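All of the numbers you see were taken from the coordinates with simple rules; none came from a lab. The shown structure was predicted, so the numbers you read here are calculated from the model rather than taken from an experiment. Here the Cβ positions follow ideal geometry from the backbone for every residue, glycine too, while neighbour counts run over all protein chains shown.
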Amino acid sequence: MNGVSFSETTEKGKRILLDPRTKLFLLLTITTLMFSTSNEGIMNIVKPCLSLVPFVLILSERRFRAAGKYLLLYAVCFVLERIALTVLSGLLSFLVLAVTSIMTRFAPGIMTGAWLISSTSVSEFIGAAERMHVTEKIVIPMSVIFRFFPTISEEYQAIQDAMKMRGIRFGGKNPLLMMEYRLVPLMVSVVKIGDELSAAALTRGLGAPVRRTNVCQIGFRFQDVFATIFCILCFILFLFQKQIIF
Amino acid sequence: MIRIDHVTFSYGEENESAGGVQDINLNIEDGQFIVLCGESGCGKTTITRLINGLIPHYYEGKMNGEVWVNGAKISEQPLYDTAKTVGSVFQNPRSQFFNVDTTSEITFGCENLGQPKQGIRERLEKTVRNFRLEKLMGRNIFHLSGGEKQKIACAGVSIMEPDVLVMDEPSSNLDASSILDLRATLAFWKSQGKTIIVSEHRLYYLRGLADCFIYITAGQVEKDYSAAEFEQLTERQRADMGLRTFILEDLLPPETSPQTGKQMELHNFCFAYKNEPETLHISKDKIPANRIVGIIGNNGAGKSTFSRCFCGLEKRCGEVIWNGRTYRPKDRLNTCYMVMQEVNHQLFTETVLDEVRISMEDENQEWAEEILSSLDLGDIKDRHPMSLSGGQKQRVAIASAIASKRSILFFDEPTSGLDYKHMKEVANVLRQVRNTGITVYVITHDLELILECCTDIVHFENGSILDQFQMDASGLEKIWSFFLRGCL
């Protein structure tokens, strides 16, 4: 149930506290540069450096096992990719290269994205969006959407259980019907929850035409500056790699 | 001061009178504690919505008359202004929090109104102290129990310091000890001189707090009782009015039925959710079979984990020996059936009849109709399950369980949020099911349901069975002490 969900805490001091905007910039840098096709020269150093970023971030959350798994996965794929490029040839090389390069390109971005969401609370997200002058008309629905992921997964789990109890005997026959059995109750309950949620939020003053305050502290600090410089440096290296003699 | 001046309201599209109100006239003085009571669908909830402004600003319909709170016309005042004077707590703790973490949830209201940061922090500190929430701060709300969620909801309203508090069936999803917490919250607000309006089925926890009980039938104020007058009524009179018990001590014990002696043996019921400590540890025990067994215990005692394991929803947990046969989790999946609290989750098809037919091994139209009529569903067999009332949905789920020839039925809180009449109906259905030879286990926090139909009690605490007893004179004593611990 922990899937995609905003963080449960706004308390500080527990982790490297990066501003949500810095987090977004990090994500942007990693996804863009990891996807960029070139894999030569200086990028051969930049890319592994970038893929170490999610490792450090997850480590900072004290999720040692997840960090270890990620590092192992990435290292194996990285090594295999080199082997495929140099030693192997033919179809085998193609296959290994296809799998490993997809992994090395996607994994860092996905991990950073997951970390971004799990380490940012709803109010930090709203606060950061406000500072970036995104209108409330976008911010509020966005935050509700993220608030809804865990709800949907809870509801879906309950429906799944109910189906299991009813016996699989009426499943399997018709996949379309199975979809319907799952989606109809899910939609009914999610709509109901959404309706009650809006009513509750409105009675607590959501939508008042004043500037919303935000208690959580966000703002740029030393580590943000450091991360930002790191990202900019990576971009510079990427853009001017041809000029840099290596 | 709240003035409801000749208000008539009916909900939009459906022309049914259900839920609407006619010609409501009420004056509520500052600092009064009012309870709105009456059967389901009598219009209690509608009155709460008139006061907090959700009618006419959120729920649409036809409205006549005017509601005034502290001199402001609710219908002409935007909701965010009403929010400053009227705080609302709702029935379902799952659907009234907007944030994922508890701390920002509590400050949410103040932030919306754009109050200064420092002020909010001070208020937060005060609220946390008043509600003793230190342990709940900075937690994920999705991981809290219903009672804890409701406490956060109350704190989130309280921090805005409204003069008026409106609660719509706040106890319906809570266990016995959380209801006592709720009572403490209400007592705190009362001591601060707040005006409190509670719409509620369960009345016992409001005894000694409420100043006035307003009895509503069919959308109209039938009678206005002072606390003393309400106390004077006999339980019989209240039952005739369709109201739940007010004085728990006056409840009558059930007729005891002789013990059958049949039991189920449980082996190795130990279970831990992924990455969590073990929540259930029963290495060997016996529980009664062929009876209606009430399963009681506070939240977190392991009741629902136990029922999930028993029904075979958790693949690797325990063995049951019954009638000389060993049932592994997989066998139990086909022997047991759980009627969930949220029945919506377990109805899938387009008609009631289909719902029953689909559960049968060989479709047998006649038998399906027989089951339906025995559960009083014969007339509505062609309706869509989602269009039915809560009680009817529950019976459809039971019908499908009978159709699939399950011999053990679990019920998870079948009477949460039900009025007296519907609670009685559920009790009757449980007895009826038991009489066909099916063993019934009911997880419940509802003392009245227990006294109405349970023959045995299994009491859970800290993941194991603390006690089990029959509902005879000594069993009754024990059940009192469980439900009334620290109460009143």
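Some notes on this structure:
- Its residue count N sets the reference 2.2 N^0.38 Å, and the alpha-carbon radius of gyration of segment B:379-432 equals 1.15 times that reference.
- Unit charges at the beta carbon, dipole of chain A: most positive-side option, A:222, A:128, A:94: A:94
- Relative exposure of A:190, B:426, judged by other C-beta atoms within 10 Å (fewest first): A:190, B:426
- Segment B:292-352: Rg to Rh, with Rh as the Kirkwood radius over Cα pairs: 1.03
- Along chain B, the longest continuous region that contains none of the trypsin sites (Lys or Arg not before Pro) in a DSSP loop with at most 13 other C-beta atoms within 10 Å is B:1-131.
- For segment B:381-488, the alpha-carbon radius of gyration amounts to 1.18 times the rule-of-thumb value 2.2 N^0.38 Å expected for a compact globular protein.
- Dividing the convex hull volume of the alpha-carbon atoms in chain A by its residue count gives 189 Å³ per residue.
- Counted over all Cα-Cα pairs of segment B:2-250, pairs farther apart than 22 Å make up 54 percent.
- Panel order for B:189, B:367, by other beta carbons found within 10 Å of each beta carbon, from fewest to most: B:367, B:189.
- Listed by chain and number, the lysines whose C-alpha is less than 21 Å from the C-alpha of residue B:117, apart from same-chain residues fewer than 8 away, are A:12, B:84, B:126.
- Percent of Cα-Cα distances greater than 19 Å, calculated over segment A:135-202: 45
- For B:283, A:119, the sequence from fewest to most other C-beta atoms within 10 Å is B:283, A:119.
- Residue by residue along B:136-149, Cβ atoms of other protein chains within 10 Å of the local Cβ number 3 on average.
- Across all directions, the shadow cast by the convex hull of chain B built on its C-alpha atoms averages 23.6 square nanometres.
- Kirkwood-Stokes translational diffusion coefficient of the protein assembly as shown, alpha-carbon pairs, 10 °C, 1.306 mPa s, µm²/s: 55
- Report summary: the helix-based calculation at 222 nm, which adds -39500 (n - 2.57) for every DSSP H run with n ≥ 4 and divides by the residues of chain B, gives -9500 deg cm²/dmol.
- Restricting attention to the protein assembly as shown, close to 55% of DSSP beta bridges with both partner residues there are antiparallel.
- Taking every DSSP beta bridge that has both ends in chain B, the antiparallel portion is near 55%.
- Relative to one another, the C-alpha centroids of segment B:79-145 and segment B:161-199 are positioned 15 Å apart.
- For segment B:306-437, alpha-carbon Rg and Dmax in angstrom: 14.9, 43
- Backbone phi angles across segment B:390-403, fed through the Karplus curve with coefficients 6.51, -1.76 and 1.60 (θ = phi - 60°), yield HN-Hα couplings of x, x, 5, 4, 4, 5, 4, 4, 5, 4, 5, 5, 5, 4 Hz in residue order; Gly and Pro are listed as x.
- Restraint check, A:69/A:192; A:192/B:274; B:223/B:381, Cα-Cα greater than 31 Å: A:69/A:192; B:223/B:381
- Kirkwood estimate for segment A:107-239, i.e. one over the average of 1/r between Cα atoms, Å: 18.9
- Reachable aspartates and glutamates from residue B:73, criterion Cα separation under 19 angstrom, eight or more residues apart if same chain: B:5, B:23, B:29, B:30, B:60, B:81, B:163
- Shown in residue order for segment A:152-162 are the 3J(HN,Hα) couplings computed by the Karplus curve 6.51 cos²θ - 1.76 cosθ + 1.60 at θ = phi - 60°: 4, 5, 4, 5, 4, 4, 5, 5, 4, 4, 4 Hz (x for Gly and Pro).
- DSSP beta bridges fully contained in segment B:392-488 are about 55 percent antiparallel.
- Mean separation of Cα contacts under 8 Å (6+ apart) over length of chain A, as relative contact order %: 38
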